[in-house]
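**Q** My questions all concern the structure below.
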Amino acid sequence: DFINLAKITDDCINFDDKTRFLNQEEKDKLNEQAIVAYENVVYIVERDEKYCVICNVDMSDYTEGNLITHELVLPDIIQGMLSNLKAYNAETAPVFLMSPRDLQLKNIVDTYDHETIQMDTMAVHIFNEANAELIMKRLSVIETLIVGDGHHRLYTSSLWRRKGTIFSC
């Protein structure tokens with residue numbers, strides 16, 4: 001989410017006055033960090049014993065019609081969602097995909113060699129080259145993905161006032 005809203009200057013994030021969801025101290029801290037460039041990797045994020053895969057989609061998938069967006073989400077709207085991320089229990093995250101199939105992500109983390117970056121209660125597991133390729137083959141059995149679109153989850157749970165139990169997609 002942050003990268004989508006940031007300018008990149010000299011291989012560093014460059015948050016400026018247009019970024020409203022971070023205070024100046026947070027901007028300064030992030031702006032000092034160089035971006036580490038990984039190629040041919042799989043990221044698995046772990047938090048509270050739950051796992052997800054972060055996917056990178058090439059712009060050509062959008063321009064060639066392989067992925068179809070159903071609406072335009074403006075940067076100002078995304079920033080508003082991000083600034084309320086904790087209050088809304090992450091329901092505002094723009095989009096995520098769910099699989100009815102168990103992807104055995106914990107097993108992947110336990111089995112394949114990888115680098116881990118720990119950030120507070122969240123761990124990002126980074127699988128390079130050969131292991132990334134093996135993981136992608138393993139995940140290629142997914143036949144169906146269900147789109148859970150953030151602002152619809154937020155809107156629906158707000159209307160029903162059952163944020164702890166309702167889910168919409």
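The values are calculated or read from the model by the stated rules, or taken from the named source; none is laboratory data. No experiment lies behind these values; they were computed from the predicted model shown. Calculation scope for accessible area: heavy atoms of the full protein, side chains included, ligands and nucleic acids excluded. Shrake-Rupley method; radii C 1.70, N 1.55, O 1.52, S 1.80 Å.
**Q** Go through segment 131-143 and give me each residue that's at pLDDT 90 or above, among the aliphatic types (A, V, I, L, M) and open to solvent by less than 70 Å² (accessible area, probe 1.4 Å).
**A** ALA132, ILE135
**Q** Take residues that are modelled with pLDDT under 65 and over 23 Å from LEU134 (Cα atoms) and tell me which of the helices (runs of 4 or more DSSP H) falling wholly in segment 1-120 contain 1 or more.
**A** Details: elements: 24-31, 59-63, 75-83, 105-111.
Because the criterion is at least 1 residues that are modelled with pLDDT under 65 and over 23 Å from LEU134 (Cα atoms), the helices (runs of 4 or more DSSP H) in segment 1-120 that meet it are 59-63, 75-83.
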